[in-house]
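Working notes for the structure below.
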Amino acid sequence: MQDSMKNTVASDLETRTERAEHMQKAEEDRRVVKPSSLLIVLVPSILVAIVILSRNIIMLDYAHVLLGGTWTGIDLFMGLVLSRVIGKMSVGARMEFIKRLVPLMLLFMPTIASLAITCGIYLATFDGIFKLTYPVIIAAGIIVLVLVVQGFGIFLPNELKIFLELRKDNPNAAKISRLAMINFKLSGIQAAFQFAIIFIMANIAMGNLFLRY
């Protein structure tokens, strides 16, 4: 009798433990953005702040090129590659992929975009060429404005909608897929604008501030 009661208690305890582990895993799965994800915002921001405060032109130029190149490269990869790959995935696989991608897109992309623009403004200021009378500065400003409007007016709100939808117990897969595809296509458009701004940056680097040929 005692053995039977012990077995019952042990079985009940094991069941409760498994249930608790299952609930914990489910909660972790719903936690799309984890505390460690904040590092991809804090670390680059702190490093850029240090470079700007040091007024080291070489390091600031390096940071600007690195951040801008990363921004452009990710946009190209998402627009040309991921948009095609994810379109051929099953709904379940697409959901899992988007779930893993959201933390990066939600935090990393706005961070590197903002820091790349900030580095560019400070670099132009320190070099003494941040003057609105220069056509290349005006052109760069217009393109940056378009990128900011696209990024913070369309891209980021869509990412937030996806994030909130993934937090639900029964996320709407069709809605998530639709919003994700909009962002993937938008990335390709942003890449095109970034090619234009790279052309402008090359002219600035060569000292051609008026685009004369």
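Of note:
- With respect to the conditions (1) touching an Asp or Glu at 6+ places or on another chain (Cβ under 6 Å); (2) surrounded by 19 or more Cβ atoms within 10 Å (Cβ to Cβ), PRO171 falls short on a single one, namely (2).
- The condition of being surrounded by fewer than 19 Cβ atoms within 10 Å (Cβ to Cβ), in contact (Cβ under 8 Å) with a residue 12 or more places away in the chain and more than 24 Å from PRO157 (Cβ to Cβ) holds for only one of ALA93, ALA139, that being ALA139.
- Any chance PHE184 is buried (at least 18 other Cβ atoms within 10 Å of the Cβ), in contact with a helix residue (DSSP H, G or I) (Cβ under 8 Å, 6 or more places away or on another chain) and aromatic (Phe, Trp, Tyr): yes
Every residue, every condition in (1) of a type in the set (Val, Ile, Thr); (2) closer than 21 Å to VAL81 by Cα; (3) under 15 Å from the mean Cα position of the chain (by Cα), yes or no:
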position	(1), (2), (3)
LYS131	no, no, no
PHE155	no, yes, yes
ASN158	no, yes, yes
LEU166	no, no, no
ILE182	yes, yes, yes
PHE193	no, yes, no
ALA202	no, no, no
GLY207	no, no, no
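- Number of positions in segment 71-90 that are over 19 Å from the mean Cα position of the chain (by Cα) and in contact (Cβ under 8 Å) with a residue 40 or more places away in the chain: 1
- Near pairs, Cβ below 9 angstrom, 6+ apart or cross-chain, from segment 46-70 (touching a residue at least 24 places away in the same chain (Cβ under 8 Å) and more than 18 Å from MET201 (Cβ to Cβ)) to any residue that is in a helix (DSSP H, G or I) and among the polar types (S, T, N, Q): ILE52/THR118
- Residue check, PHE199 free of Cβ contacts under 8 Å to residues at least 60 places away in the same chain and either more than 14 Å from LEU76 (Cβ to Cβ) or buried (at least 17 other Cβ atoms within 10 Å of the Cβ) (or both): yes
- The one condition from (1) of a type outside the set (Asp, Glu); (2) part of a helix (DSSP H, G or I); (3) out of contact with any Phe, Trp or Tyr (no Cβ under 9 Å at 6 or more places or on another chain) that ASN183 does not meet is (3).
- From ARG84, ARG178, residue being modelled with pLDDT under 85 and not acidic (Asp, Glu): ARG84
- Only one entry of GLY153, GLY69, GLY87 meets the criterion of being farther than 26 Å from LEU38 by Cα and surrounded by fewer than 15 Cβ atoms within 10 Å (Cβ to Cβ), and that entry is GLY87.
- Any chance LEU38 is within 22 Å of CYS119 (Cβ to Cβ), hydrophobic (A, V, I, L, M, F, W, C), modelled with pLDDT under 85 and surrounded by 10 or more Cβ atoms within 10 Å (Cβ to Cβ): yes
- Residue list for segment 67-118, restricted to those being outside any helix (DSSP H, G or I) and touching a helix residue (DSSP H, G or I) at 6+ places or on another chain (Cβ under 8 Å): MET89
- Residue check, LEU166 surrounded by fewer than 14 Cβ atoms within 10 Å (Cβ to Cβ) and touching a residue at least 40 places away in the same chain (Cβ under 8 Å): no
The values are calculated or read from the model by the stated rules, or taken from the named source; none is laboratory data. Keep in mind that this is a model prediction, so the values were computed, not measured. Using ideal geometry, Cβ is built from the backbone for each residue, glycine included, and neighbour counts are taken over all protein chains shown.
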